[in-house]
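Okay, so here's the structure we're looking at.
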Amino acid sequence: EIKIQMKNISKVFETEDMETHALKDVNLTIYKGDYVSISGPSGCGKSTLLSLLGLLDMPTSGEYKIEGVDVSNLSLDEAAEIRNSKIGFIFQSFNLIDQISVFDNVALPLRYRSEAMSTTEIEQRVNKCLEMVSMTHRAQHKPNQLSGGQQQRIAIARALVGDPAILFVDEATGNLDSNTGDQIMDVLEQLNQNGTTICMVTHESRYADRATKQFKLLDGEILTTPTNRESNVNNT
Ligand code: ADP
Ligand code: ADP
């Protein structure tokens, strides 16, 4: 089952008298259950690719589909709606709101949905996601009462609460010491083993190497067909 498909995606930035071809004919297919890493040096196009994947920006040309739905050419409102319902995003800076509880932070994406969800269902979903990241005991704390690693776990729960098609991860360990970073990677791997599809963008090769499909980006181009650590026999 295909979750994400990019075909010949290009992105050109025009500034004054200069054109930057940030992405050139990128082809990328991500299947249900994949654990993908995309890595490459500074300036190779990682952030650009992530903002296209996360529907923060639109490509100059090419086709992008999420679960078979064409999302190559959306208005800002349409993009926001799909982002909220189909995409989970983990940032380097956890982007939690310190004024409200952990529970309310995780519930936020559900409360912003256009279709209202019952309080009971919100509660069930939030509690389940807090359990998945072993943070049930911190539901009533405020984010700034937690360590960085705990805050990233809360951010992961928030990304999962809407049951997204895919989880995009942007340098999730960048603000954490290496022990805590490793634990966050363990959480992500555990989620993947339980079925969550993950696409991680990183410049850290020791984390990129742990993914089951590894893509390298260089000068806006995907260099290689992925290295598969495990064959994905169920990808139909
Ligand atoms: P990375 O995240 O791998 O460091 P980026 O995606 O940020 O790479 O950048 C890829 C290329 O696109 C770089 O040459 C960068 O200067 C250029 N670029 C990125 N965003 C913009 C923008 N908004 N306007 C002009 N050029 C940009
Ligand atoms: P950093 O990782 O450097 O702390 P951010 O976490 O704020 O920076 O954003 C990293 C990337 O995530 C940016 O390239 C941006 O395009 C993308 N991004 C920011 N906000 C969202 C969002 N709401 N949904 C999807 N992608 C986002």
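The values are calculated or read from the model by the stated rules, or taken from the named source; none is laboratory data. Everything numeric here is computed off the predicted structure, so don't read it as measured data. Cβ atoms come from the backbone with ideal geometry, glycine included; neighbour counts cover every protein chain shown. Just the protein is used for accessible areas: all its heavy atoms, side chains included, with ligands, DNA and RNA removed. Shrake-Rupley method; radii C 1.70, N 1.55, O 1.52, S 1.80 Å.
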Say we look at segment 1-37 and pick out the residues that are within 16 Å of ligand 2 (Cβ to nearest atom) and touching a His at 6+ places or on another chain (Cβ under 9 Å); which of these is nearest to Thr60 (Cα to Cα)? Lys11
Of all the residues that make up segment 109-126, how many are modelled with pLDDT of 95 or more and crowded, with 16+ Cβ neighbours inside 10 Å? 3
Qualifying strands (runs of 3 or more DSSP E) (wholly inside segment 1-93; at least 2 residues being within 12 Å of ligand 1 (Cβ to nearest atom) and open to solvent by 60 Å² or more (accessible area, probe 1.4 Å)): 2-15, 18-31
For the subset of segment 94-118 comprising residues that are closer than 18 Å to Val133 by Cβ and not hydrophobic (A, V, I, L, M, F, W, C), which member is nearest to ligand 1 (Cβ to nearest atom)? Asn95
Elements of type strands (runs of 3 or more DSSP E) in segment 158-229, at least 1 residues being within 16 Å of ligand 2 (Cβ to nearest atom) and under 15 Å from the mean Cα position of the chain (by Cα): 166-170, 198-202
Being within 17 Å of Ile166 (Cα to Cα) and polar (S, T, N, Q) is true for just one of Ser85, Ser61. Which residue is that? Ser85
Under 6 Å by Cβ, and 6 or more places apart or on different chains, what pairs join a residue from segment 113-125 that is free of Cβ contacts under 8 Å to residues at least 40 places away in the same chain with one that is surrounded by 10 or more Cβ atoms within 10 Å (Cβ to Cβ) and part of a loop (DSSP other than H, G, I, E, B)? Arg125/Val161
Among (1) more than 14 Å from ligand 2 (Cβ to nearest atom); (2) within 17 Å of the chain's Cα centre (by Cα), Glu115 falls short only on (2)
